[in-house]
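Have a look at the structure below, then the notes.
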């Protein structure tokens, strides 16, 4: 048992040190997935969670800085949109939420939901980033 506990952290350390994951999202996803997996399933859960987190982390690339700046500086709407569901990265916004395309980059849109500014993918309405 002790050998397994030592091997898993060393494996993850080797992956991060050699740059096996090129995307920042993969690094963040792998680290978060490994931590969550370790809590739920121990060493094996850490390994599985790390791989799953890396895949998810690369699937949702962060938007360009100009998009983030645009959303951050956009005026707050006069009508507040409140949804019961918790808004999280990777989940789709309900159809009742109006999303506004980014004029200079129509591959992104945004909305203000539950007093949070969110950047979404217009076609799927998937939340890409929450601006605090």
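Any read-out appearing in this document is the output of simple, stated calculations on the displayed coordinates, not a laboratory observation. Bear in mind that the values here come from a model prediction, so they are computed numbers and not experimental data. When we count neighbours, we look across all protein chains shown, and the Cβ atoms used for this are built from the backbone with ideal geometry, even at glycine.
Each label was represented as a point 7 Å from its Cα along the Cα-to-Cβ direction; for residue 95 and residue 65 these points are 4.0 nm apart. Label point 7 Å out from residue 125 along Cα-to-Cβ: which residues of the stretch 66-88 have amide N under 14 Å? 82-88, by backbone N distance to the label point.
The value obtained for the stretch 65-131, namely the Cα convex hull volume divided by the number of residues, is 79 Å³ per residue.
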